[in-house]
Amino acid sequence: MELTDGICIEAFPRAEQSEEIETDNLALDTTGEFLQMGGGLKRHKKIATCTNEEQLKLFLQNARRLIGESDRIMSDSRMFLASLPIRNGLAYIGTSGFNNPTLGVYIEWWRNNECAWTKDKFGELQPIYYIAGSPLSGRNACAYIGPEGDSRSVQVLNFSQVWHSFVQINTHYTEAKQLYEAYSLEEVIEILFRDSTYNTNDADYTANTPN
């Protein structure tokens, strides 16, 4: 499996694969869910932000130590391709380009993009995990992962850069997500941390944030 920087890592073909690879290119929403947004973000906030609340909670609570294990995740395709339940989207476009985000997509995005981070009220950098807003006006209702492993709302100033950079990475792996085996998020956490104790407040992940 080729990463966006050109490095190739070993991948494991799925025993069962669909005959045709589905695309995930940006396109106008055909469901009407994202086209009929009226007041823009007011309606957008009612759209589901995730597909599994328990999985999302697990991800948020473990995000910092997962960032601390970036190198291992980036070198293991089954960890990289672990699916996350986050449902990002844009007005008028919907979820196209954002479909089926994986742990590795987020790790790569956070590692290589300053716009993937936002400062909290104390001036500390925090990782953005939820992307939602209008590609036209730039108005947005994003969210970042707070120090306690919780979700906190934020309106970013550079929204175009945020969503463009994420989509570029996410769509690079559209084919790989369908062809290769992946661990579950629970399996990744078990493999990485089964013999460790962890305190969210003591996490040291700054080495894996972009300069």
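The values are calculated or read from the model by the stated rules, or taken from the named source; none is laboratory data. Every value quoted in this text rests on a predicted model; they were computed, and no experiment measured them. Ideal geometry is used to build each Cβ from the backbone, glycine not excepted, and the neighbour counts take in all protein chains shown. Only protein heavy atoms, including side chains, enter the accessible area calculation; ligands, DNA and RNA are left aside. Shrake-Rupley method; radii C 1.70, N 1.55, O 1.52, S 1.80 Å.
Quick notes on this one:
- Considering segment 127-137, the residues that are in contact with a Phe, Trp or Tyr (Cβ under 8 Å, 6 or more places away or on another chain) and open to solvent by less than 10 Å² (accessible area, probe 1.4 Å) include one that is farthest from residue 1 (Cα to Cα), namely 133.
- Condition check for residue 181: under 19 Å from residue 99 (Cα atoms) and modelled with pLDDT of 95 or more: yes
- Of all residues in segment 157-182 being farther than 19 Å from residue 18 by Cβ and of a type in the set (Phe, Trp, Tyr), the one that is surrounded by the most Cβ atoms within 10 Å (Cβ to Cβ): 163
- In summary, residue 122 fulfils each of the numbered conditions (1) more than 23 Å from residue 178 (Cβ to Cβ); (2) surrounded by 17 or more Cβ atoms within 10 Å (Cβ to Cβ); (3) out of contact with any Gly (no Cβ under 6 Å at 6 or more places or on another chain) with the single exception of condition (2).
- Residues of segment 87-114 that are open to solvent by less than 10 Å² (accessible area, probe 1.4 Å) and over 20 Å from residue 23 (Cβ atoms): 91, 103, 106, 107, 108, 109, 110.
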